[in-house]
Amino acid sequence: METDTTPIIPPLILSMRGITKRYPGVVALADVSLDLHHGQVLAVMGENGAGKSTLMKILSGAAAPDQGVIALDGKPTVLHSITYARKRGIALVHQELMLAGNLDIAGNIFLGAEPRRWGFIDRRTMHRESRELLDRVGLQISTRRTAKLLTAGQMQLVEIARVLSHDARIVILDEPTSSLSHSESEQLFRIIEQLKSRGISVIYISHRMEEVQRLADSVMVLRDGRNVGSMDRASATREKIVSMMVGRELNNWFPPPRRFSSDKVIFQSQDIRVVGTKKPVSFDVMEGEILGFAGLVGAGRTELVETIFGITPPISGHARLGESQFCPATPRDAIRRGIYLTPEDRKRNGLVLGMSVAKNISLPDVGSYRPRWLLRRRFEEKVATRQIERLNIKTPSARQIVGMLSGGTQQKVVLGKWLAMRPKLLLLDEPTRGVDVGAKAEIYRQIRELADAGITIILVSSEMEEILGMSDRVVIMRDRAIVGIFPRDKVTQEIIATKMIGE
Amino acid sequence: MRRELGMAVAVVVICAFLFYSNHHFLGVPNMIDVLRDIGMLGILAIGSSLVIITGGIDLSVGAIVCLTGVLIAKISSPSTGGLHYPLWIGISVAMGVALLIGLFQGFLVTRVGLQPFIVTLGGLMWIRGIAKVIIHGRTISFGGSGFSSLANHGVLYLGHHEAILSFPFLAFIAAVLLGIYVLHMTVFGRYLFAIGGNRDAAYYSGLPVRRVELSAYVISAATAGIAGIFYASFIQNAGPNVGHGYELYAIAAAVIGGVSLRGGEGTIVGVIIGTSMMEVINNGITMFHWHYRSATGHRHTFHLGTHWQDFITGAVILLAVIFDQISHMLARRKRLKSQAAKTS
């Protein structure tokens, strides 16, 4: 055998060329190309809204590109449906796990492809083959376990087992570790290595640099629906990728740091115990302060702000707002006292998507317009227009249906609905999730302006930069308890990361 | 509004067609009947549509129509089985009971957290059940009481012996005006739409979701009670099968008129049009004539029997939603195309 010093590049299994996809009002992808080699891991990186999900939708047959060519093994192909893409060996493991909670593991693995015998489901074969698949992904639990009893990590592994049962040659993992524990992630990485060694190619979408550096053979970066760079593992440094992803200095996103000092406590949580937690939490917020809540997904931050907002009243403990007691039983109570929440899931909890911008903005306040016996549409539209201008909401008019707007614009509508009232304490739960880069910067600027105007803000965010760039103080939560409260100038990424992950 | 416009055109076309086949269709006696029918069903449909707009459903209104009639007959009828009390007592008790039923069902839906379908499906049975028990499954006639004048009299006689605008139709006009005001011009109406559009978002926006929903069920039961009074007056007796299936006619009228069963969508104007469609077809089936000559030169007239009614009504409901869906899809395709043209 001759020894070859140049690395052997395995043959291309998939190439996408000039992929363009438009949605109403946005170009989600513009002339994007992607190359995937046999048995390699390609990491796809990019901010929220950079076009990663759209690209993967197209690859998995869930959406058709407006332009562009997809070639499998060098042959142009049209992936006209999910079923067909799957038949061609392309399988997507969703970020939101999509198991049927009422079925057992085997039933989920073979969902839609149940082995049959005499027209009946052949359960014995199903369980036997499921067992083998679970062994391959290193999951040592019964195939008869009901899916809803599994942990997020176990579900992820079942999803992967399902993908393996389809003889997938290309496996797409969409932020697979976002809800996994450390050991579960390790297990996943081992499985990915195994997949590679069996010649299966993996497209790995992730925000986490460490994972990418560890797993990926090559990295491609998307920004605003365009390719901004591809590189192999050796040249993929953190700085390089981050600068590609955001295309500008990180600092420019955030308003300049401010020096905040106040000793007027506006809101005080005294040993509040949120439903489903053991430990009570206590903290103070000063008037006009931005208090950042950092933590991993599931650390109990959303539950905490929802408790403050009156969605699920606490088991014990109490809160003070200003000089008086504050114990809301419903959001209505909280809103009356000037505490407003922009929820994490804005489509589900924040907006009536079928209603216009104006009607959404007026919704919490329209009941207090005068006169009470007649809806004042003209006035309502005036109020909305003021917020549209103030927040630079990109909508053709106040009468536009909210569901037609982009994620960032929708988020601004949610914000506008509260700013049209008199906020005292704003609870912002992941205010920039799914928001494009431009709108993000604007939202940050708004948050700061509000704080400067004396409105208190509790900012829940899973993005480290956001916490560090915006907060005056940082609260770190882990396992539904507060594990540290730091002033901004005493906290670093490392401190937050170690505190929120645990020792 | 597109759906309403399309259905309005369809109603006009059907009317023109019926008039062409039988000139008596637009004659005064028939119009009086059609308008009265529209009025009685329309009152029901307006109440039902408020519930549907919140994302719920009320299957009990037909049974409430029955029970109100039975209560009035039992309490106030001078004939056998009646208790001979004054009419106003009978009507007040019947309306009171209807309101209580609405309150009870609304309570089960909003406070106990049961599904509207189940609660009102139960209502559909037990409410009629009570009516049957009260009258022992028999029929009570209103006999010589003046009650029948409620449905058969009205204003604007113009030389006919029947009023052009019957009381049920006038009550319907009042219900329409009130409905337009409540649904489209008040905060309460806005809340109904918001709750139907996204219940969670409405709750997170501080809306009194449960109170508003409860009110919708009470209003629906109240309109059913009012309709029940008119129906009883119109047929001049109260029996165990009165109002059978009316909840479905009311829902169909609402849906034909563009009220979405998913909630959050609909207009009173649409409900008027949907109701008109239902009743015009209902009436048209008996009015429709087709004259033709057979090969031998004899004149024949083709009639549709009333047994056609269910088939044609069902077909119209399906056609209405199919056309609506198609026009939605076309609009969306057009929008996407124009967007694509703009962005490229």
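The values are calculated or read from the model by the stated rules, or taken from the named source; none is laboratory data. Bear in mind the structure is a predicted one, so any value in this text is a computation, not a measurement. All Cβ positions, glycine included, derive from the backbone under ideal geometry; neighbour counts span all protein chains shown. Quick note on the areas: whole protein, heavy atoms, side chains included, nothing else; ligands and nucleic acids left out. Shrake-Rupley method; radii C 1.70, N 1.55, O 1.52, S 1.80 Å.
For the chain pair A and B, the buried solvent-accessible surface (1.4 Å probe, both sides summed) amounts to about 2500 Å².
Taking a straight line from the alpha carbon of A:LYS278, these aspartates and glutamates sit under 15 Å away, with near neighbours fewer than eight places off in the same chain left out: A:GLU303, A:ASP479.
Applying 0.36 nm per residue to the separation of A:HIS318 and A:ALA62 and subtracting their alpha-carbon distance, the gain on full extension is 87.3 nm. Scanning residues 5 or more positions from A:LEU341 or on other chains, those with amide H under 5 Å from its amide H are A:LEU427, with H placed 1.01 Å from N in the peptide plane. Beyond 40 Å, the tail of the calculated P(r) for chain A holds 30 percent of the Cα pairs.
Shown for the stretch B:196-237: residues covered by the partner protein chains by 50 Å² or more of accessible area relative to the chain by itself (probe radius 1.4 Å), namely B:ASN198, B:TYR203, B:TYR204, B:SER205, B:GLY206. The heavy atoms of B:HIS84 offer some 120 square angstrom of accessible surface to a 1.4 angstrom probe.
For chain B, complete DSSP H runs whose alpha carbons reach 30 Å or more along their own long axis and whose mean Kyte-Doolittle score is 1.6 or higher are B:87-110. The heavy atoms of A:PHE260 offer some 60 square angstrom of accessible surface to a 1.4 angstrom probe. Close amide-amide hydrogen proximity is noted between A:ARG478 and A:VAL483, each under 5 Å apart and 5 or more residues distant or on a separate chain (H modeled in the peptide plane; Pro and chain starts excluded).
Among the trypsin sites (Lys or Arg not before Pro) in the stretch B:210-292, those located in a DSSP loop and surrounded by at most 15 other Cβ atoms within 10 Å of their own Cβ are B:ARG262.
In a reduced charge model with +1 at each Lys and Arg Cβ and -1 at each Asp and Glu Cβ, the stretch A:375-443 shows a dipole moment near 400 debye about its Cα centre.
Above 38 angstrom, tally the Cα pairs of the protein assembly as shown and express them as a % of all pairs, no decimals. Percent of Cα pairs beyond 38 Å in the protein assembly as shown: 56. Where both bridge residues fall in chain A, DSSP classifies roughly 55% of the beta bridges as antiparallel.
Place a point 7 Å from Cα of A:LYS347 in the direction of its Cβ. Which residues in the stretch A:424-451 have their backbone N less than 15 Å from it? Of the residues in the stretch A:424-451, A:433-436 have backbone N under 15 Å from the label point off A:LYS347. Binning all Cα-Cα separations of chain B at 20 Å, short to long from zero, yields these whole-percent fractions: 29, 54, 16, 2.
What the phi angles of the stretch A:134-139 give under the Karplus curve with 6.51, -1.76 and 1.60, with θ = phi - 60°, is a coupling list of 5, 4, 4, 9, x, 9 Hz, glycine and proline written as x.
The accessible-area ordering, largest first, of the residues A:LYS499, A:LYS412, A:LYS75 stands as A:LYS75, A:LYS499, A:LYS412, per a 1.4 angstrom probe. Estimated from helical segments only, the mean residue ellipticity of chain B at 222 nm is -23500 deg cm²/dmol, where each DSSP H run of four or more residues counts as -39500 (n - 2.57). If you count only protein heavy atoms and use a 1.4 Å probe, how large is the accessible surface of A:LEU149, to the nearest 10 Å²? Around 110 Å² of this residue is reachable by solvent. Take every DSSP beta bridge with both residues inside the protein assembly as shown and express the antiparallel ones as a percent of the total, to the nearest 5. Antiparallel bridges: around 60 percent, rounded to the nearest 5.
Counting only residues at least eight positions apart within a chain, or on another chain, the aspartates and glutamates with an alpha carbon under 15 Å from that of A:LYS264 are A:ASP284, A:GLU287, A:GLU289, A:GLU323, A:ASP452, A:ASP472.
Taking a straight Cα-Cα cut-off under 17 Å and skipping sequence neighbours fewer than 8 places away in the same chain, the lysines within cross-link reach of B:LYS132 are B:LYS74. For the stretch B:198-206, the Karplus equation 6.51 cos²θ - 1.76 cosθ + 1.60, evaluated at θ = phi - 60°, returns couplings of 7, 4, 5, 4, 5, 5, 5, 8, x Hz by residue, with Gly and Pro reported as x. Diagonalising the gyration tensor over the Cα atoms of the stretch A:350-421 and scaling each eigenvalue by 5 before taking the square root yields semi-axes of 19, 12, 11 Å, largest first. Would you be so kind as to list the residues of the stretch A:363-380 that have their accessible area lowered by at least 50 Å² in the full protein complex compared with their chain by itself (1.4 Å probe)? Output list: A:LEU363, A:LEU375. Ranking of A:LEU195, B:LEU318, A:LEU353 by solvent-accessible surface, largest first: B:LEU318, A:LEU353, A:LEU195 (1.4 Å probe, protein heavy atoms only, all chains present). Sorted largest first by accessible area at a 1.4 angstrom probe radius, with every protein chain in place, the residues B:PHE188, A:PHE254, A:PHE293, B:PHE19 fall in the order B:PHE19, B:PHE188, A:PHE254, A:PHE293. 3J(HN,Hα) along the stretch A:121-132, derived from phi through the Karplus expression 6.51 cos²θ - 1.76 cosθ + 1.60 where θ = phi - 60°, amounts to 5, 8, 5, 5, 4, 4, 6, 5, 5, 4, 4, 4 Hz, with x in place of Gly and Pro.
R0 = 25 Å: FRET efficiency of B:LEU330 with A:PHE379, Cβ-based, nearest 0.05? Efficiency computed from Cβ-Cβ geometry: 0.10. How large is the helix-only mean residue ellipticity at 222 nm for chain A, computed as the sum of -39500 (n - 2.57) over DSSP H runs with n ≥ 4, divided by its residue count, in deg cm²/dmol to the nearest 500? One gets -9500 deg cm²/dmol as the mean residue ellipticity at 222 nm.
For the stretch A:406-503, the share of DSSP beta bridges that are antiparallel, to the nearest 5, is 55%. Taking Cα atoms only, the orientation of helix A:407-419 departs from the longest principal axis of chain A by about 20 degrees. Remark: spin-label model distance A:ASP31-A:VAL78 equals 2.5 nm, labels positioned 7 Å along the Cα→Cβ axis.
Using the Cβ-Cβ distance between A:ARG258 and B:ALA315 with R0 set to 51 Å, the FRET efficiency works out to roughly 0.15.
Heavy-atom accessible surface of the protein assembly as shown, averaged per residue, reaches 46 Å², computed with a 1.4 Å probe. When the solvent-accessible area of the protein assembly as shown is split by element, carbon and sulfur atoms take up 58 percent of it, the probe being 1.4 Å.
With R₀ set to 56 Å, the beta-carbon distance separating B:SER79 from A:SER397 gives a calculated FRET efficiency near 0.30.
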